[in-house]
Amino acid sequence: MKITVLCENAVGKLIGFGEHGFSAFIETDRGNYLFDTGTGHCVVANSLALKKDLKTLRRIFLSHGHYDHTGGLPEVLKLSGKVDVHAHPNLFSDRIAIHKQDGKDTPRYVGLPYKKRYLEYLGAHFVLNTEFTEVEKGMFLTGEVPRKTAVEKQDITLFTEEDGKRVPDVLPDDQSLIITTGKGLVLILGCAHAGIVNIIDHVTQKMGRDDFHAILGGTHLDFHTPEQMDKAVQFLKKLKIEKIGVSHCTGMRASIKLSEAFGDRFFQGCVGSFLEIE
Ligand SMILES: [Fe+2]
Ligand SMILES: [Fe+2]
């Protein structure tokens, strides 16, 4: 099995483009899969540069409804044609982020930028789940992750709209992918809005094991206070993790801390980086 980062904020090889988003291409004996699609600016160009054929996809997994993980879906579907797209039903929620701009709170739409029907016309067959699910033998989606620990707090800049009212977005749709391998579990995160500690607790409990060969993807640690970040890194350090490759919303501060904690087992999951499991 080989997992290659297709879209990410930074470029690490001499090929490909960076963008604020995430996408990973997964090659297995059974076929190829895509986890998230980036914003849409780079997924096709990077797939060509990295020689990953988007026409061969067996399934697409979407970690959550933010545009930086779903925006590339039309471009991918134009190549893949009819394909199962796995996600939580809240994928289609309206999403807003509010950040300060020139001293003023400025709202920005950050949800899935396309209508469900349009995506279906392009070939998407949505398979929606809220529970922990075995999609195929040895391939699981976490479903909704209970927010049990207080290690990481909800991102207070994110909102959704319900019946015309703006309310905090707790992102129940945030889910991660688990693949079992002979070397242990591989956990692929989109943005880890549920909190990496909560996600790992949930995975450990549902899978009945805690041997992680690798954890890859966005950890959202950049959005936490230094204390929360330290607690999360300490939590990860105590686990059995062979490799940790972080991307996207992890940020420089958390990457440095993880690199110090994991040494050679750490890598920056930039565009073109990959994990190969024999
Ligand atoms: Fe997100
Ligand atoms: Fe993100």
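The values are calculated or read from the model by the stated rules, or taken from the named source; none is laboratory data. Treat the numbers as computed from the prediction; the structure is a model and nothing was measured. Note that each Cβ is placed from the backbone with ideal geometry, even for glycine, and that neighbours are counted across all protein chains shown. Note: areas computed on protein heavy atoms with side chains; ligands, DNA, RNA excluded. Shrake-Rupley method; radii C 1.70, N 1.55, O 1.52, S 1.80 Å.
Calculated FRET efficiency, SER259 to GLN154, Cβ-Cβ distance, R0 = 30 Å: about 0.70 to the nearest 0.05.
What area, in nm² and to one decimal, does the C-alpha convex hull of the chain cast on average over all directions?
Its average projected convex-hull area is 14.3 nm².
For ARG108, the accessible area of its heavy atoms, probed at 1.4 Å with every protein chain present, is near 110 square angstrom. What's the local net charge at LEU54, with K and R +1, D and E -1, over the other residues with C-beta under 15 Å away? Summing Lys/Arg as +1 and Asp/Glu as -1 gives +2. With both labels modelled 7 Å from their Cα along Cα-to-Cβ, the LYS2 to LEU48 distance reads 2.0 nm. In the context of the full set of protein chains, the range 129-168 has a per residue accessible area of 62 Å² (1.4 Å probe).
Can you give me the % of accessible surface on the chain that is carbon or sulfur? Probe 1.4 Å, all protein chains present, nothing else counted. List each step's numbers first, then the result.
Values: 6470 of 12400 Å².
That share works out to 52 percent.
Across PHE25, PHE235, PHE126, mean-square fluctuation computed from a Gaussian network of the chain (C-alpha pairs under 10 Å connected) peaks at PHE235. Residues considered: ASP174, ASP105, ASP68. Largest GNM mean-square fluctuation over the chain, using C-alpha springs under 10 Å, is found at ASP105.
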